[in-house]
Amino acid sequence: MAPKRKPNKLSGTPDEQPSLDPLLASREMILVAGSGGVGKTTVAASLGLAAVQRQSGRVLVLTVDPARRLATALGLKAFGNAPHPIPNDVLEAAGLEPRGELHVAMLDTKAGWDELIRRHAPDAATREAVLANPLYENITSRFVHSHDYLAMEQLHDLHASGEYDLVIVDTPPSRNALAILDAPSRMAEFFGSRLLRWLTAPYRSRLFTFASKPFYQVADRILGSRFLQDVADFFVLFQKMEAGFVKRANEVEALLVDPRTAFVVVSTLEAAPAHEARFLAESLHERKMIVGAMVANRVLPSRLASTAAIEAANDLAERTGRDGDGMIAAAVAAATGNEHDTVDRVLHQMATRFDDLAMAAEHEVDRQTELAALAATTVVVPWLSGDIHDVRGLGRLACHLRGVADQADSS
């Protein structure tokens, strides 16, 4: 006989699911963050759908995650820096009723840098010299955290343009998301760094040029003619744009702590993602940034660990298997047309292993409670039937985020 498990007394979930509608309506920018594999990109896209169903405005979903999953989910072949509208008839065909307009975009590093240089260059000569520098593309594509800084620049532009009532940003996995948040200050620090002074020293000191000439000659033989000179040329030109870069960096930092901006942290309730979500939320609090909501995704129903569920599993284990009466297995076998012995073994295995599922559900309840303490609102999204790979699936998820989910999804 299978050992009986004593049920734990769990607090029930509220009858009314919290909604992210108020958060979406009260903010101008939402940054969605979380560790990899928790459904963050899908949640970001669904938040866009949730917003346009509730609000009559223009909503943009911007992904800065290099993985191009958002395009696939929205049925698009590709999109880039320029916002791309999703026609309302596409949303309506998926059973949605949009009141607003949904647009999507994804950060294009090359196009972003070109625009950055055009904006911050003090004059046309500097602009053309930078863009024509033979190392420009290579340096900017490999520039540490350049993708992060460009993301912050684009956020600033989109917010300042006033074209969108709400911008929703899908960030990279959480530790990288923090790199994005710190990118503006790092860019400002770079202009005062020892590295930049060293790179541009040949232009500031004749003595340095004379003393370092043998080094440059050796380097040129190893790395190619004028390699270090080209590097120095580029950063001298880059330094001329310091005022513009630093000014914008300060503006972006102010935007991230502005009350009109909030973060939505997404996590599953497994141990590692939940730990990462806690780390991220606490880091945001330390930076004086607003954690508007936690989204617990792909959550097991807490009722699996209820007294009734555990007692039912114990009863089923007793009535199946070698010591069982065979009546339940016989009834199921007759209904399904399968062999009695096979059905009996399956039912017994399910009943005896139900304990693992119940324990997992209990642990998830505990982790949900811990994460809920880090945000004003916590929304729970259950495991949904089928993969989310199209607009209709995103719409179903959006319903859960709005607190109006169909009960069939959570069964």
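Just wondering, is there one or more residues in region 328-337 that are in contact (Cβ under 8 Å) with a residue 24 or more places away in the chain, in a helix (DSSP H, G or I) and surrounded by fewer than 16 Cβ atoms within 10 Å (Cβ to Cβ)?
No.
Does Leu91 qualify as being in a helix (DSSP H, G or I) and closer than 30 Å to Arg54 by Cβ?
Yes, satisfied.
Determine whether Ala309 is more than 30 Å from Ala94 (Cα to Cα) and out of contact with any Phe, Trp or Tyr (no Cβ under 6 Å at 6 or more places or on another chain).
yes
Kindly indicate which of Leu384, Leu316, Leu374, Leu304 is closer than 30 Å to Ala44 by Cα and part of a helix (DSSP H, G or I).
Exactly one of Leu384, Leu316, Leu374, Leu304 is closer than 30 Å to Ala44 by Cα and part of a helix (DSSP H, G or I), namely Leu304.
Of all the residues that make up region 156-180, how many are assigned to a helix (DSSP H, G or I) and surrounded by 23 or more Cβ atoms within 10 Å (Cβ to Cβ)?
So the answer is 3.
Quick one: what pairs do we get from region 111-134, first residue farther than 16 Å from Ala249 by Cβ and free of Cβ contacts under 8 Å to residues at least 24 places away in the same chain, second crowded, with 17+ Cβ neighbours inside 10 Å and of a type outside the set (Asp, Glu), C-beta under 7 Å, 6+ apart or different chains?
Between residues of region 111-134 that are farther than 16 Å from Ala249 by Cβ and free of Cβ contacts under 8 Å to residues at least 24 places away in the same chain and residues that are crowded, with 17+ Cβ neighbours inside 10 Å and of a type outside the set (Asp, Glu), the close pairs are Arg118/Arg127; Arg127/Ile117; Arg127/Ala121; Leu131/Ile117.
Filter region 350-382 down to the residues that are among the small types (Gly, Ala, Ser) and touching a residue at least 40 places away in the same chain (Cβ under 8 Å) and list them by number.
Residues satisfying the conditions are Ala351, Ala358, Ala360, Ala361, Ala372, Ala375, Ala376.
Evaluate the following for Asp355: is it surrounded by fewer than 20 Cβ atoms within 10 Å (Cβ to Cβ) and over 30 Å from Thr42 (Cβ atoms)?
The answer is yes for Asp355.
Among the residues of region 310-324, which ones are crowded, with 18+ Cβ neighbours inside 10 Å and more than 12 Å from Arg345 (Cα to Cα)?
Within region 310-324, Ile310, Ala313, Asn314 meet the criteria.
Looking at region 25-46, can you tell me whether even one residue there is modelled with pLDDT under 90, farther than 24 Å from Leu284 by Cβ and assigned to a loop (DSSP other than H, G, I, E, B)?
Within region 25-46, not a single residue is modelled with pLDDT under 90, farther than 24 Å from Leu284 by Cβ and assigned to a loop (DSSP other than H, G, I, E, B).
Given the conditions (1) in a loop (DSSP other than H, G, I, E, B); (2) assigned by TED's automatic domain parsing to the domain that holds Thr42; (3) on the phi < 0 side of the Ramachandran plot, report the number of the one that Gly403 does not fulfil.
Of everything listed in (1) in a loop (DSSP other than H, G, I, E, B); (2) assigned by TED's automatic domain parsing to the domain that holds Thr42; (3) on the phi < 0 side of the Ramachandran plot, Gly403 misses just condition (3).
Leu347 - would you say it is outside the structural domain of Tyr149 (by TED's automatic domain parsing), free of Cβ contacts under 8 Å to residues at least 40 places away in the same chain, aliphatic (A, V, I, L, M) and more than 20 Å from Ala44 (Cα to Cα)?
Against the criterion (outside the structural domain of Tyr149 (by TED's automatic domain parsing), free of Cβ contacts under 8 Å to residues at least 40 places away in the same chain, aliphatic (A, V, I, L, M) and more than 20 Å from Ala44 (Cα to Cα)), Leu347 qualifies.
The values are calculated or read from the model by the stated rules, or taken from the named source; none is laboratory data. Bear in mind that the values here come from a model prediction, so they are computed numbers and not experimental data. Note that each Cβ is placed from the backbone with ideal geometry, even for glycine, and that neighbours are counted across all protein chains shown.
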